[in-house]
Amino acid sequence: EAGSANEQATTVDEVVVTGFRGSLAQALNVKRREAGAVDVIVAEDIADFPDQNLAEAIQRIPGVAITRDAGEGRTISVRGLGPDFTRIRINGMEALGTTGGTDSSGGTNRGRGFDFNVFASDLFNSITVRKTASAETEEGSLGATVDLRAARPFDYKDGLTIAVSGQAGYNDLAQKVNPRGAFLISNTWAGGKFGALLSVAYSEREALEEGHSTVRWQGGAIGRAGQGQGVINAFPPRLPRFGILEHNQDRLGLTAALQWRPSAATEVSLDVLYADFSATRFEHFLQAPDFSAGGATGRNGIIVRDSFVDGNGNMLYG
């Protein structure tokens, strides 16, 4: 009852919200402080980003779409503008991602676009997408400026911090187990004036892709003597074929950070990042010869026994 001796006043100095709710609160606080249109994704915990790939995490933001290579996010488009119109900064420094790629699935990147599948998402703790230009953001871009921020020792208040994560996935089509792991160690000294951090992330991915492809359409003469209709001009599939594609990917990422804070107004940081993303692809095709040729009689040795050509000259089957 009120006024009893059992009542005791309790003073709470600080309430710390962690986990998924804490990450949402941090992201909202950043949006409140910014004058422009900014979206933020914050890691839920140490070395625990919500997606395995940075591009797949960014696609959660409104107005952002991604393109995939071998089923994994690779580049982004913001408000309909492709990756060449989007600037990427890693810890405040602009970055490019000119890398190789498979010809029929992704292509080689020789432009200004950034390949997000190069880095493991475990190495980063926040992504900021700036959709509007501002004076404090150098240069600017038509699409957006995306800031990727790797972990630093002063991000953690507990001094010595160690985090280990591991998981595995099984692909029943490829019949392979895909491991993924990350390790982070961070510490501060001298009352929080010095700090050092090291993080490592490694993953393997083996996927199997099955399907059909035509490799575009081809116009030319088609011999249909077997149907008693002579030769016609039509557009059949250039190379009708069934394909099995094997994707083998290995990703290794390392980050190191040193920080020095001699006073409350001065902070010096050194960040080192290393990424090695290797992908091997095997293509197996079972294909038929094409139907048409540039000559007047059609492809030598090929007689189309049965087919249907619509009014626009497209061979729908053959």
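Consider a paramagnetic label point 7 Å from the Cα of Leu173 along Cα→Cβ; state which residues of segment 265-286 have an amide N under 20 Å from it. Residues 279-286 qualify, since their backbone N sits under 20 Å from the label point.
Taking the centroid of alpha carbons for each part, segment 163-185 and segment 68-84 are 24 Å apart. In terms of its C-alpha gyration tensor, segment 141-224 comes out oblate, because a/c is 1.5 or above while a/b does not outweigh b/c. Within the full protein context, the accessible area of Asp155 is estimated at about 60 Å² for a probe radius of 1.4 Å.
For an R0 of 22 angstrom, estimate the FRET efficiency from the Cβ-Cβ distance between Arg216 and Phe285 and round to the nearest 0.05.
Using R0 = 22 Å, I get an efficiency of 0.90.
Here the Kirkwood formula, the inverse mean of 1/r across different C-alpha pairs, assigns segment 171-210 a hydrodynamic radius of 13.2 Å.
With every protein chain left in place, what is the accessible area of Arg152 in Å² (1.4 Å probe, nearest 10)? For Arg152, the solvent-accessible surface is approximately 40 Å². If only the Cβ of Lys and Arg carry +1 and only the Cβ of Asp and Glu carry -1, the dipole of segment 238-318 around its Cα centre is close to 260 debye. Computed about the Cα centre, the dipole magnitude for segment 116-164 is approximately 100 debye when only Lys and Arg (+1) and Asp and Glu (-1) carry charge, each at its Cβ. Between Phe194 and Ser263, the distance separating the two model label sites (each 7 Å from Cα on the Cα→Cβ line) works out to 2.1 nm.
Reducing segment 105-156 and segment 208-268 to their Cα centroids gives an inter-centroid distance of 24 Å. In a reduced charge model with +1 at each Lys and Arg Cβ and -1 at each Asp and Glu Cβ, segment 175-257 shows a dipole moment near 240 debye about its Cα centre. Rolling a 1.4 Å probe over the protein heavy atoms gives segment 130-196 an accessible area of 59 Å² per residue. Would you work out if segment 202-318 is rounded, prolate or oblate? Take a ≥ b ≥ c from the square roots of the eigenvalues of the alpha-carbon gyration tensor; rounded if a/c is under 1.5, else prolate when a/b is larger than b/c, oblate otherwise. Because a/c hits 1.5 or more and a/b exceeds b/c, segment 202-318 counts as prolate. Computed on protein heavy atoms with a 1.4 Å probe, the accessible areas place Asp172, Asp271 in the order Asp172, Asp271, largest first. Sorted largest first by accessible area at a 1.4 angstrom probe radius, with every protein chain in place, the residues Lys157, Lys176, Lys131 fall in the order Lys157, Lys176, Lys131.
The mean accessible area for residues of segment 213-306, using a 1.4 Å probe and ignoring ligands and nucleic acids, is 59 Å² per residue. Largest accessible area first, the listed residues His247, His284 line up as His284, His247 when surface is computed with a 1.4 Å probe on the assembled protein chains. Here r is the Cβ-Cβ distance between Glu94 and Tyr317 and R0 is 51 Å; the resulting FRET efficiency, rounded to 0.05, is 0.50. Solvent-accessible area of segment 250-318 (1.4 angstrom probe, protein heavy atoms only): carbon and sulfur portion equals 56 percent. For segment 100-258, the gyration tensor built on C-alpha atoms gives an oblate shape. Its axis ratio a/c (a ≥ b ≥ c) is at least 1.5, and a/b is not larger than b/c. Against the empirical 2.2 N^0.38 Å (N residues), segment 69-170 has a Cα radius of gyration ratio of 1.26.
The values are calculated or read from the model by the stated rules, or taken from the named source; none is laboratory data. Not measured: the values here are computed from a predicted model. Neighbour counts are summed over all protein chains in view; Cβ atoms, including those assigned to glycine, are modelled from backbone coordinates with ideal geometry. Areas reflect the complete protein model, heavy atoms only, side chains present, ligands, DNA and RNA absent. Shrake-Rupley method; radii C 1.70, N 1.55, O 1.52, S 1.80 Å.
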